[in-house]
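Input: a single structure, listed below in structure tokens.
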Amino acid sequence: MYLNSIFTDPERTARLMDIAQSSFLPLLKGAIFYTIPLTIITFIVGLILAILTALARISHVKVFQMIARVYVSAIRGTPLLVQLFIIFYGLPNIGIIIDSYIAAIIGFSLSVGAYTSEIIRAAILSTPKGQWEAGYSIGMSYSQVLRRIILPQAARVSIPPLSNSFISLVKDTSLASLVLVSEMFRKAQEIAASNYEFLLVYSEAALIYWVICFILSIIQQVFEKKLDRYV
């Protein structure tokens, strides 16, 4: 019925074309100025947190291990949406008010840190024990072996799954609209609410998400081919 009205009603077709054209630029701006920067900032902060968490998990200090385990378990065991709501809507109940964009960065960073820490930890543990022994045999300390030998090798192994996490994060940022961040999906909601063409506007937003992820996947493939030369 919906498609039939588009093809048989010239006025409706013209209206839909106008909406598609007028909404494209605001959606694209939302992606460029909010979604992509939010993804990059979140991933960088989350990656730093992930490295620290992974190192804590393999540390010989029991307290660090326990803290890291609880953090990873709590984040992986609760929905990301609930975490965002606790940070943005829940914390003000105890007097902690956080800006929506900062709240989104904190929520996504905690999620990225927990999930990617397991990727990094697995990459570190996959390094042969002989690498550790070789470092110790030439007088290196634990931190020197880790920094100069183990982490560079682990980084090469972990880059492909980390790239996938980055691409997934682009899509997950759409949840930031629920904590009032004006990213692309939030713009789509505002536009659709004004003209009631939800299918058209949301499909347009989905197309932009797909194009962004497609470009990132191509970059990922090129990067992985370059890394293969050193394997």
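Taken together, the values in this text are just the output of simple stated rules run on the coordinates, not laboratory data. Since we're looking at a predicted model, the values are computed, not measured. Cβ sites come from the backbone with ideal geometry, for glycine too, and all protein chains shown count toward neighbours.
Quick notes
- With R₀ set to 45 Å, the beta-carbon distance separating residue 93 from residue 221 gives a calculated FRET efficiency near 0.45.
- Cut-off 18 Å, label 7 Å out along Cα→Cβ of residue 102, residues of region 185-212 by amide N: none
- FRET efficiency for residue 214 and residue 20, using Cβ-Cβ distance with R0 set to 22 Å, rounded to 0.05: 0.65
- FRET efficiency, 1/(1 + (r/R0)^6) with R0 22 Å, evaluated for residue 44 and residue 74 via beta carbons: 0.50
- In units of the compact-protein estimate 2.2 N^0.38 Å, the chain shows a Cα radius of gyration of 1.29.
- The distance separating the Cα centre of region 25-58 from that of region 125-167 comes to 23 Å.
- Over the chain: helical MRE at 222 nm, DSSP H runs n ≥ 4 each giving -39500 (n - 2.57), nearest 500: -25000 deg cm²/dmol
- Contour excess over end-to-end distance, with Cα ends at residue 164 and residue 131 and 0.36 nm allotted per residue: 9.1 nm
- Note on residue 29 and residue 11: the model spin-label points, each 7 Å out from Cα along the C-beta direction, lie 3.0 nm apart.
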